[in-house]
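The structure under discussion appears below in the form of structure tokens.
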Amino acid sequence: MLWRMAKVAVLVVMSSGMLGGCSRDEPRKAAPAKVGSTKPAPGSVRDGAALFKQYCSPCHPEGGNVSDPARTLHGSVLKSKHITSPEDIVRIMRNPLSRMIRFDVATVSDEDARAIAEYVLKAFK
């Protein structure tokens, strides 16, 4: 019985942690990638779509925004906020304007951040 209660407690803690990623609170820093996880080998090319799915899609499914529906990644919304280049998106990833998790260079490399930004500009025109 005690074992079953412990399993339930662990599941509750894990679930609340996963659901807490996208919130209406202050920006938070994303956890650094684990050693040996998805970091590319030096000189390898990264896929912006795969990186977006890994880092961004939980809060921005299909370019939307689960915590602030007015701040989607769709082209018309980005343009209205003068976000028109990969550099603009990377700048926001590094220093979010709203409740977005902050992705520093230790978490998402400059090359990966640029690949994500280019994907966003092409995928959500």
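The values are calculated or read from the model by the stated rules, or taken from the named source; none is laboratory data. All of these numbers come straight from a predicted model, not from anything done at the bench. A quick note on method: Cβ atoms are made from the backbone with ideal geometry, for glycine too, and the neighbour counts reach across all protein chains shown.
What to note about this one:
- Filtered residue count, the stretch 103-125, keeping only those that are at pLDDT below 95 and buried (at least 22 other Cβ atoms within 10 Å of the Cβ): 0
- Members of the stretch 93-102 found to be surrounded by fewer than 19 Cβ atoms within 10 Å (Cβ to Cβ) and of a type in the set (A, V, I, L, M, F, W, C), listed by number: Leu97
- Against the criterion of being modelled with pLDDT of 55 or more, in a helix (DSSP H, G or I) and either farther than 17 Å from Tyr119 by Cα or of a type in the set (Val, Ile, Thr) (or both), Ile89 qualifies.
- Selection from the stretch 46-86 of residues that are in a loop (DSSP other than H, G, I, E, B) and hydrophobic (A, V, I, L, M, F, W, C): Cys56, Cys59, Val66, Ala70, Leu73, Ile83
- Hits in the stretch 57-91 - residues which are surrounded by fewer than 18 Cβ atoms within 10 Å (Cβ to Cβ) and β-branched (Val, Ile, Thr): Val66, Thr72, Val77, Thr84
- Contact annotation: residue pairs with Cβ atoms under 6 Å, 6 or more positions apart or on different chains, pairing a residue in the stretch 55-70 that is at positive phi with a partner that is assigned to a loop (DSSP other than H, G, I, E, B), are Gly63/Thr72; Gly63/Leu73; Gly63/His74; Gly63/Phe124.
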